[in-house]
Each structure stands twice: as C-alpha cells, then as structure tokens.
Amino acid sequence: MAAHRDLDREHARLLRTIGLTPAQADALAVLHEHGVLTVRDLGDLLVRESGSPSRLARTLVDAGWVDRTIEPFDGRTAVLRLSPLGRRLAARAERADVQLRGAMAREIDPELVEDCSVALAALASGPAGRAVPRRLAGRTWWWR
C-alpha cells in the first residue's frame, strides 16, 4: 500500500507539471487510444475515475481538451474526441508516464512486476478493476 501511495504521489506530481490530474490524464489517454467514444464508453474504460465520467468529460470539454458533438444519426448520443490541444496534452501525459515507468523499471525486476500485476489484477474489484483488462487487452506488459 505504501509503495502504491508513493507511486500515485509521484505520478500526480509529474502530471501537475503539465496541468493535469491523474483522472484527466487517464481520460485523455483513453480517448487518444480509442479516438471517438461516448461518455458511457469512456467511463467503462477509465481506471482512475471513481466518480462521474460525465463530470470529468464536462471538465475536459470546458478546458478545450476534448470536443463533444452530437451524432447526426442519433440526435441523443454525444461523442467525445480529443481536440488538437487535447492530443498535445495526451502526448505530454504519456511522456510523464514513460518517465515514471522508466524509473520503476530501473528499480524493479520485470518478472516480479509481471507476477505482482497478475496477482493484483486478480484481486481488483469494482469499476476500476474491471476497466484494467479492457484497457490492456492485446497489449504486452507496460515496461516492454
């Protein structure tokens, strides 16, 4: 728990330097990976947001990082996509993540990380725990 807290603090510190919270960076990363999503689909893929994905999406739109449009074929469905500014911020947030993962990789044996990741994924519950496998589907482990 202490190590997780320390990593969260360092991650938040790195993101603060570019004006983002961890939840905002997570949402920008999801939109960067998936392109266009409904608020519901975004919420299903978020790991760091335990509250309302609608509120988070509104914050991102209000900041100019995300564009929200109504689908013409269904006037009730709003979709989200990164704005040009959002794409630049998502890239900066990814560089901060790479920096943090690099620091971790220098300190921890990758096999141990993989074993721990599998164990923690098995223990994860709730929306964030369910979002992790959806986010990581088809990927290799993060440090490779």
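The values are calculated or read from the model by the stated rules, or taken from the named source; none is laboratory data. Please read these numbers as outputs of a predicted model, since none were measured by experiment. Cβ coordinates were reconstructed from backbone atoms using ideal geometry, including for glycine residues, and neighbour counts include every protein chain displayed.
A few comments on the model shown:
- Within region 35-58, tally of residues that are surrounded by 14 or more Cβ atoms within 10 Å (Cβ to Cβ) and either modelled with pLDDT under 90 or in contact with a helix residue (DSSP H, G or I) (Cβ under 7 Å, 6 or more places away or on another chain) (or both): 13
- Positions within region 34-55 being farther than 15 Å from Val79 by Cβ and within 13 Å of the chain's Cα centre (by Cα), in sequence order: Leu46, Val47, Arg48, Glu49, Ser50
- Some residue of region 1-17 being free of Cβ contacts under 8 Å to residues at least 12 places away in the same chain and either surrounded by 20 or more Cβ atoms within 10 Å (Cβ to Cβ) or in a loop (DSSP other than H, G, I, E, B) (or both): yes
- Residue in region 82-104 that is surrounded by 12 or more Cβ atoms within 10 Å (Cβ to Cβ), over 17 Å from the mean Cα position of the chain (by Cα) and modelled with pLDDT under 80 present: yes
- If you go through region 18-34 and keep only what is buried (at least 19 other Cβ atoms within 10 Å of the Cβ) and assigned to a loop (DSSP other than H, G, I, E, B), you end up with just Leu20.
- Only residues that are touching a residue at least 12 places away in the same chain (Cβ under 8 Å) and aromatic (Phe, Trp, Tyr) were counted in region 30-89, giving 1.
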